[in-house]
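One structure coming up, written as structure tokens, with questions to follow.
The values are calculated or read from the model by the stated rules, or taken from the named source; none is laboratory data. Computed from a prediction, not measured in an experiment: that's the story for all the values here. Using ideal geometry, Cβ is built from the backbone for each residue, glycine included, and neighbour counts are taken over all protein chains shown. Note: accessible area is taken over every heavy atom of the protein model, side chains too, but ligands, DNA and RNA are not part of it. Shrake-Rupley method; radii C 1.70, N 1.55, O 1.52, S 1.80 Å.
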Amino acid sequence: MTGDLSTRDSQHPARTTGKRRQRVLLIYPIQIKPDSFFGFVLPPLGLERIAAHLESFVDVKIMDLRFEGENWIESATAFAPDFIGVSVKSTMYAHRSYFIADRLRAAFPQTRIVLGGLHASSIPEEAARHCDFVVIGEGEETFAELVHNGKPREEIAGLCFIDAGGLPVCTPPRPLRENMDDLLPPARHLRRTHYQYAAAGMIPMDLLETSRGCDRYCPFCSPAVLHRGRWRAHSPEYVVGEVKRIAALGAKYVMLTDDNFSGDLDRAKRISELIIATGIRIAYFCFLRPFVGRMDVKRAMVEAGFVMLSYGAESPNPEQLKRYGKGFTDPKNFIATVNREWHDAGARYIGNSFVFGDPFESAADLERLGDYARDLDPTYIEPLYSQPFPGTRYREELARRGLLNDRSWDDFTEGRLLIKHPEIDEAGLLAKRVRMWLRFFSPRKIAGAFRVPLYLHEVVGIPVRIVLRYMKVCDYSMFGCILEDKFYLHHKRAMLREYLTDHINGFTDTERDMTPFVDAFTDMIGLGRIKRALGKRSIAVEIVDGGHIVTRFLAEFDNGCLGRLRVGLDLPSADHSVRIRLDDVIDFISGRDILKIAALARTGGLLLAQLASRALAWVFLR
């Protein structure tokens, strides 16, 4: 659709089509790389929520281009839509979304093109150049009015468009919905049969929205721009109804869309209690604000399945925390206490996120961040590059100070320096991030990664073979390779060498003890019989390079149990010792080459080879 909107029924955007019901096509346009964020491929829940509020008076179809072939335009043409909505959610994929919108305008000159989503809502004047209308903020009511009520466009709240003079016009913002339970459940029934939402294509996944917004207004948070510092929530009963619907579709792994699941702790506890009462076993990943105490809430959440959690630690610097408006200024004691309490409650993944590379964070603070974060004792850290998203107060501040780099929206991903740091360039920041991962991942932290696979099998009921295959697919996440930018994957061999030669022996005795969870994991993969056969013996694996021992792994067995598994050069002698070349270890870890088992046998490690081959047989089983 080209030309001036004012000449094309702009006063009545919902044009009539005789007796035929109008048709609305909703498109999710982006192509997320398969190894992004633990291989999660998640449904377009925002489009499904909009569809639910349209399908009573129009025919609705959702197309997810991640699953469509090259001929998706032909499929869209066959549907003959009157309106096409395109999600422009992620800033880093904004240009891809605009490209799809422009292509649709050329292919459907008589169809109204509507953009919406977080990025489009944050910078609607830009998005309006690629469509007829931009829906700003929550889209359920705005899109319905646009299609159905026949109001003049100037009277529809929460809309942006280009006027007859070629200038963008934004109507007043739509008031935020007060009663979230008035929203209809997402139209999940519109998913096509070949749309497979899963973790790495193996573990069925879904999205769950229990609340919107956050009562804090962190300056770098892009959703805060839309929710205006307010938190609104579904009732526990509504949420559990959603859980039942998701479970009926087969989901085993669910990610919450909430910015802050813990906005009301009594509500979080009640939701957990209701889920427990259903007997439904799903693993949930949620974002929340850290809170001290209320162990009743933490234990109920973990029992219900909320075992993967992420919250902001942001910075070790109290002045930075004040600047970010976090509400706490003693991060070491506060976050360490929160982490310890979640450990005590039984959480399996505790992620602490940090703003990485802010211009007011010193190079020295960044250098120490890995050790600092390890002392806080999360299971994982999420250091997110300083990202000045459009519409945020953070971007406005940096622009005012002249600290923004001129970068494309495509660069809003990890591994790109988007701001001007007074001490560090992009290569330097990458190097400090590498060091942070090497200093955080002590042997104890690495062994702790078994927590989630154990939960998926023992509680959720995922078969061992699937769990291990999923672990193999996601092994890139170790040392921070969970990125769109593949700098870390390309440098994985060098990182492994540096870790094994320069870092692994320098951790404390506690951090070099890998015992927790390893015994249960080896039982899970079927090594119990072998452990029993070993009786009370100890085996040392010595990694050598150039004739020198780089480090030692000491496994002590105790009648069917792995009593202890430790790392270091200062460990006692063992009943049996095996030497393995460092290059063989690096090849094996980085290349996942099952033939490297032969290297163990060549060095005399027949028993270790038997253990390893049994484990790897599971991983490579098809």
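I want to confirm something. Restricting to segment 510-556 and keeping residues that are over 25 Å from residue 472 (Cα atoms) and in contact with a helix residue (DSSP H, G or I) (Cβ under 6 Å, 6 or more places away or on another chain), which single residue is least open to solvent (accessible area, probe 1.4 Å)?
550
Filter segment 162-201 down to the residues that are touching a Gly at 6+ places or on another chain (Cβ under 6 Å), in contact (Cβ under 8 Å) with a residue 40 or more places away in the chain and either closer than 18 Å to residue 144 by Cα or assigned to a loop (DSSP other than H, G, I, E, B) (or both) and list them by number.
200
For segment 241-274, how many residues are under 23 Å from the mean Cα position of the chain (by Cα), open to solvent by less than 60 Å² (accessible area, probe 1.4 Å) and under 25 Å from residue 461 (Cβ atoms)?
Qualifying residue count, segment 241-274: 15.
What residue, among those in segment 503-544 that are acidic (Asp, Glu) and free of Cβ contacts under 8 Å to residues at least 60 places away in the same chain, is farthest from residue 374 (Cα to Cα)? Walk me through how you get there before you give the answer.
In the first step, residues of segment 503-544 are kept if they are acidic (Asp, Glu); the result is 509, 511, 513, 519, 523, 542.
Filter once more, so that each one left must be free of Cβ contacts under 8 Å to residues at least 60 places away in the same chain: 509, 519, 523, 542.
Values: 509: 14, 519: 23, 523: 28, 542: 26 Å.
Top of the filtered list is 523.
Test each condition in (1) in a helix (DSSP H, G or I); (2) at pLDDT 90 or above; (3) surrounded by 14 or more Cβ atoms within 10 Å (Cβ to Cβ) for residue 421 and report the one that comes out false.
Among (1) in a helix (DSSP H, G or I); (2) at pLDDT 90 or above; (3) surrounded by 14 or more Cβ atoms within 10 Å (Cβ to Cβ), the lone unmet condition for residue 421 is (1).
For segment 88-128, enumerate the residues that are over 19 Å from residue 157 (Cα atoms), part of a helix (DSSP H, G or I) and open to solvent by 40 Å² or more (accessible area, probe 1.4 Å).
92, 95, 96, 99, 102, 103, 105, 106, 107
Go through 388, 359 for me and flag whichever is buried (at least 22 other Cβ atoms within 10 Å of the Cβ), in contact with a Leu (Cβ under 9 Å, 6 or more places away or on another chain) and either over 29 Å from residue 455 (Cα atoms) or among the hydroxyl-bearing types (Ser, Thr, Tyr) (or both). Break it down stepwise before answering.
On the way: 359 fails: buried (at least 22 other Cβ atoms within 10 Å of the Cβ).
From the options 388, 359, the qualifying one is 388.
What helices (runs of 4 or more DSSP H) lie completely within segment 305-406 and have 1 or more residues being closer than 22 Å to residue 422 by Cα?
318-324, 363-376, 393-400
Could you go through segment 457-472 and let me know if any residue there is among the charged types (D, E, K, R), open to solvent by 20 Å² or more (accessible area, probe 1.4 Å) and at pLDDT below 90.
Yes - at least one qualifying residue is present in segment 457-472.
Residue 228: at pLDDT below 95 and either of a type in the set (Lys, Arg) or out of contact with any Ser or Thr (no Cβ under 9 Å at 6 or more places or on another chain) (or both), yes or no?
Here the answer is yes, as residue 228 does meet what is asked.
Between residues in segment 82-97 that are acidic (Asp, Glu) and residues that are modelled with pLDDT of 90 or more and in a loop (DSSP other than H, G, I, E, B), which pairs lie under 8 Å by C-beta distance while being six or more apart or on different chains?
Partner pairs satisfying both residue conditions: 82/22; 82/58; 82/111.
Ok, one more. Out of (1) open to solvent by less than 30 Å² (accessible area, probe 1.4 Å); (2) within 24 Å of residue 196 (Cα to Cα); (3) touching a Ser or Thr at 6+ places or on another chain (Cβ under 6 Å), what's the single condition that is false for residue 49?
(3)
State all residues of segment 38-65 that are more than 20 Å from residue 114 (Cα to Cα) and out of contact with any helix residue (DSSP H, G or I) (no Cβ under 9 Å at 6 or more places or on another chain); if no residue qualifies, say none.
Initial filter on segment 38-65 (more than 20 Å from residue 114 (Cα to Cα)): 38-42.
Within segment 38-65, 40, 41, 42 qualify.
Check residue 410 against each of (1) under 19 Å from the mean Cα position of the chain (by Cα); (2) surrounded by 16 or more Cβ atoms within 10 Å (Cβ to Cβ); (3) in a helix (DSSP H, G or I) and name the one condition it does not meet.
The single condition residue 410 does not satisfy is (2).
Which of (1) modelled with pLDDT of 90 or more; (2) of a type in the set (Asp, Glu); (3) in contact with a strand residue (DSSP E or B) (Cβ under 6 Å, 6 or more places away or on another chain) does residue 382 not meet, given it meets every other one?
Here residue 382 clears every test but (1).
Filter segment 129-141 for residues that are under 30 Å from residue 181 (Cβ atoms) and either open to solvent by 20 Å² or more (accessible area, probe 1.4 Å) or of a type in the set (Ser, Thr, Tyr) (or both) and give the result.
136, 137, 138, 141
Determine whether residue 224 is of a type in the set (Gly, Ala, Ser), in contact with a Phe, Trp or Tyr (Cβ under 8 Å, 6 or more places away or on another chain) and buried (at least 18 other Cβ atoms within 10 Å of the Cβ).
In short, yes.
Looking only at residues in segment 301-346 that are within 29 Å of residue 454 (Cα to Cα) and open to solvent by 40 Å² or more (accessible area, probe 1.4 Å), which one is modelled with the lowest pLDDT?
Applying the filter and picking the extreme gives 334.
If I ask for residues that are out of contact with any Phe, Trp or Tyr (no Cβ under 8 Å at 6 or more places or on another chain) and part of a helix (DSSP H, G or I), which ones from segment 446-471 would you list?
Matches in segment 446-471: 446, 455, 457, 458, 466, 467, 469, 470, 471.
I've got another one for you. Kindly indicate which of 184, 167 is out of contact with any strand residue (DSSP E or B) (no Cβ under 9 Å at 6 or more places or on another chain), within 27 Å of residue 283 (Cβ to Cβ) and open to solvent by 30 Å² or more (accessible area, probe 1.4 Å).
184
So which of 144, 200 ends up being surrounded by 13 or more Cβ atoms within 10 Å (Cβ to Cβ) and more than 28 Å from residue 123 (Cβ to Cβ)?
Matching residue, one of 144, 200: 200.
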